[in-house]
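Data block below; observations after.
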Amino acid sequence: MRLSRYFLPILRETPKEAEIVSHRLMLRAGMMRQEAAGIYAFLPLGLRVLEKICAIVREEQDRSGAIEMLMPTIQSAELWRESGRYDDYGREMLRIRDRHEREMLYGPTNEEMITEIARAYVRSYKDLPLNLYHIQWKFRDEVRPRFGLMRGREFLMKDAYSFDIDQAGARHAYNRMFVAYLRTFARMGLKAIPMRADTGPIGGDLSHEFIILAETGESEVFCHRDYLDFPVPGPDVDFESVEGLAGIVGKWTSLYAATSEKHDAAAFAALPEAARVSARGIEVGHIFYFGTKYSAPMKAVVTGPDGVDRPMHMGSYGIGPTRLVAALIEAFHDDAGIKWPEAVAPFRVAILNLKQGDAATDAAAGELYRALAAKGVETLYDDTEDRPGAKFATADLIGIPWQILVGPKGLAAGQVEVKCRADGGRTMMTPAEALARFAS
RNA sequence: CGGGGCGUAGCGCAGCCCGGUAGCGCAUCUGCUUUGGGAGCAGAGGGUCGCAGGUUCAAAUCCUGCCGCCCCGACCA
């Protein structure tokens with residue numbers, strides 16, 4: 001992409017409404033624009049990151065055996081009356097009426113709808129297990145939206161829903177998602193620690209929040225230091241293996257980890273001093289087993305091998321891709337701007353033409369750009385008339401992992417400079433070497 | 001929802017107390033000179049001062065109402 005032809009509205013000054021670093025940087029980097037309180041338009045750069053995140057989420061959901069579909073944003077109030085939540089949900093739910101005065105709502109979540117779909121088609125225990133997910137916009141009319149994408153009202157969510165014949169089956173479904181989440185966040189460069197979460201009226205131990213540690217996190221968290229170095233399952237993990245997954249989940253839940261709501265000060269204090277990590281965290285995922293909470297009242301039943309109908313055991317599993325965009329920035333930034341991990345970066349390489357209009361640099365930079373593009377390397381070519389300093393500032397701000405600086409100084413020696421945004425490391429090499437470095 | 005604050009050019013702000021028809025920096029446009037860490041000079045364009053009433057000869061400025069947005073708290077993916 002040629003920057004001169006792109007839509008990247010960089011802000012040099014910080015908008016006053018942005019308080020936390022991810023919000024400031026997203027606005028400054030031209031990733032998004034606020035359209036109303038807690039409601040944002042994604043501009044091209046922001047969309048690229050969001051789609052990278054969704055792609056990883058999707059790959060790991062698919063790998064774990066979940067199946068993608070897509071449910072609507074607008075739902076009928078009828079469904080929610082069946083589960084009893086229409087009255088319970090409160091003012092957070094955006095309620096609307098259509099032209100026939102029918103009561104509708106903008107979905108804050110989809111348990112009712114997925115249960116309706118499952119009960120319509122799933123009849124036999126032979127149809128189970130089943131895990132359906134979608135990535136769809138949600139709306140929760142927060143009293144006080146804040147922190148940009150971190151707590152917006154409209155947000156993108158991946159929500160998966162599992163259906164099983166019994167609790168043992170549901171537990172394995174839960175473990176699948178648990179492991180898929182470990183992999184998903186690790187692929188984005190994040191250390192996400194599963195922490196025991198409130199299970200509400202269902203009870204049990206089958207609810208975990210996945211928390212990443214960040215100085216600007218919204219809540220206080222406490223965990224054992226060993227979690228920071230626990231190995232994440234590889235892509236070859238066998239999701240069909242009940243024992244295998246149970247082993248992984250067992251290990252990842254063996255040590256102390258809790259958010260402030262579930263914090264047990266005494267248990268935490270019992271850990272060795274060096275093992276105690278007390279930090280701030282951001283919730284990026286939440287998994288939950290809730291049994292027959294919806295299937296029973298909504299009569300989502302399957303016939304078992306014994307010929308008896310039973311309500312299905314369900315769980316739901318959420319990841320917030322829009323929140324992850326912000327969380328990633330909270331985790332990866334410095335004073336100059338964002339430092340995207342390669343897996344989610346909007347572009348992998350930025351080429352900076354340091355003397356636009358100079359025949360030699362134009363030719364070298366243009367040639368390198370075309371060669372990288374031909375190799376499928378996502379490249380942003382800064383071919384604008386800006387001075388070098390401005391280009392450095394822009395590239396650092398938007399956080400492209402690799403910058404290739406093409407200027408008269410280096411070209412005099414037949415070289416370009418490759419700079420790593422993450423650690424600031426710089427290497428001189430020939431354009432051909434740079435091409436090989438990224439195109440192989 | 002309680003408490004606080006702010007709406008003046010794309011962004012950041014001054015002007016408001018003591019009414020007289022709007023200004024600064026950055027950004028934008030033109031020209032020239034510049035070109036390895038947000039360039040310099042010269043010139044130019046851009047604002048129904050959030051909206052609606054009211055007071056007044058005259059309202060960005062005073063009064064009333066409304067809307068929007070932000071921050072703290074309670075709440076939450």
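The numbers here are math on the coordinates, done by the rules we state, and not lab data. Keep in mind it's a predicted model, so treat the numbers as computed, not measured. With ideal geometry, Cβ positions are generated from the backbone for all residues, glycine too; neighbour counts draw on all protein chains shown.
Details
- Residues in the stretch A:154-167 carry Karplus couplings, in order, of 9, 8, 8, 9, 8, 10, 10, 9, 9, 10, 9, 6, 8, 5 Hz; the curve used is 6.51 cos²θ - 1.76 cosθ + 1.60 with θ = phi - 60°, and Gly or Pro positions show x.
- Folded to 0 to 90 degrees: helix A:44-64 orientation relative to chain A principal axis, Cα: 50
- Chain A: angle of helix A:242-252 to the longest principal axis, Cα-based, in degrees nearest 10: 60
- Straight-line reach from A:Lys355: taking Cα to Cα under 22 Å and skipping same-chain neighbours fewer than 8 places apart, the lysines in range are A:Lys391, A:Lys409, A:Lys419.
- When peptides A:128-135, A:302-309, A:15-22, A:327-334 are ranked by their average number of other Cβ atoms within 10 Å per residue, the highest-first order is A:327-334, A:128-135, A:15-22, A:302-309.
- Available extension along the chain between A:Ala432 and A:His100 is 112.9 nm, counting 0.36 nm per residue and deducting the alpha carbon span.
- For chain A, the mean residue ellipticity at 222 nm estimated from helices alone is -9500 deg cm²/dmol, where every DSSP H run of n ≥ 4 contributes -39500 (n - 2.57) and the total is divided by all residues, rounded to the nearest 500.
- Counted residue by residue at 0.36 nm each, then reduced by the alpha carbon distance between them, the extension gain from A:Ala41 to A:Glu68 reaches 7.3 nm.
- Nonlocal amide H pairs with A:Gly291, under 5 Å, H built at 1.01 Å: A:Met314
- Three-way shape label, the stretch A:142-279, alpha-carbon gyration tensor, a/c 1.5: rounded
- The A:Lys16 and A:Leu255 beta-carbon pair, evaluated with R₀ = 45 Å, returns a calculated FRET efficiency of approximately 0.60.
- Distance between modelled label sites at A:Asp87 and A:His263, nm, 7 Å Cα→Cβ extension: 3.8
- Gyration tensor verdict on the stretch A:8-116 (Cα atoms; rounded if a/c is under 1.5, prolate if a/b is larger than b/c, oblate otherwise): oblate
- Amide H contacts under 5 Å for A:Arg151: A:Arg146, restricted to partners 5 or more places along the chain or on a different chain, H placed in the peptide plane at 1.01 Å from N.
- Between the helical axis of A:111-121 and the longest alpha-carbon principal axis of chain A there is an angle of about 70 degrees.
- Lys/Arg +1, Asp/Glu -1 at C-beta; chain A dipole; positive extreme among A:Leu8, A:Gly414, A:Ala192: A:Gly414
- Protection proxy ranking, highest mean first, for peptides A:72-83, A:23-34, A:263-274: A:23-34, A:72-83, A:263-274, where packing is the per-residue count of other beta-carbon atoms within 10 Å, averaged.
- Charged neighbours of A:Met314, selected by a Cβ distance under 10 Å, balance to -1 (K, R count +1; D, E count -1).
- Between A:Ala390 and A:Ala275, the contour length at 0.36 nm per residue exceeds the alpha carbon distance by 36.9 nm.
- Peptides A:142-148, A:397-403, A:287-293 ranked from most to least packed give A:397-403, A:287-293, A:142-148, packing being the mean of other C-beta atoms within 10 angstrom over each peptide's residues.
- Residue by residue, the stretch A:259-269 carries 3J(HN,Hα) couplings of 7, 4, 5, 9, 5, 10, 4, 5, 5, 5, 5 Hz when phi is fed to the Karplus relation 6.51 cos²θ - 1.76 cosθ + 1.60 (θ = phi - 60°); x denotes Gly or Pro.
- Couplings for the stretch A:370-379, taken from phi via the Karplus curve 6.51 cos²θ - 1.76 cosθ + 1.60 with θ = phi - 60°, read 5, 5, 5, 4, 5, 8, x, 7, 6, 10 Hz in order; Gly and Pro are left as x.
- For A:Met195, residues with placed amide H under 5 Å, excluding near neighbours: A:Glu209, A:Phe210, A:Ile211
- Net charge dipole, chain A: roughly 840 debye, given to the nearest 20, about the Cα centre with Cβ charges of +1 for Lys and Arg and -1 for Asp and Glu.
- R0 of 35 Å, Cβ-Cβ distance A:Ala296-A:Gln136: FRET efficiency to nearest 0.05: 0.90
- Reach of A:Lys52 by Cα under 16 Å, taken over lysines that are not fewer than 8 positions away in the same chain: A:Lys158, A:Lys339
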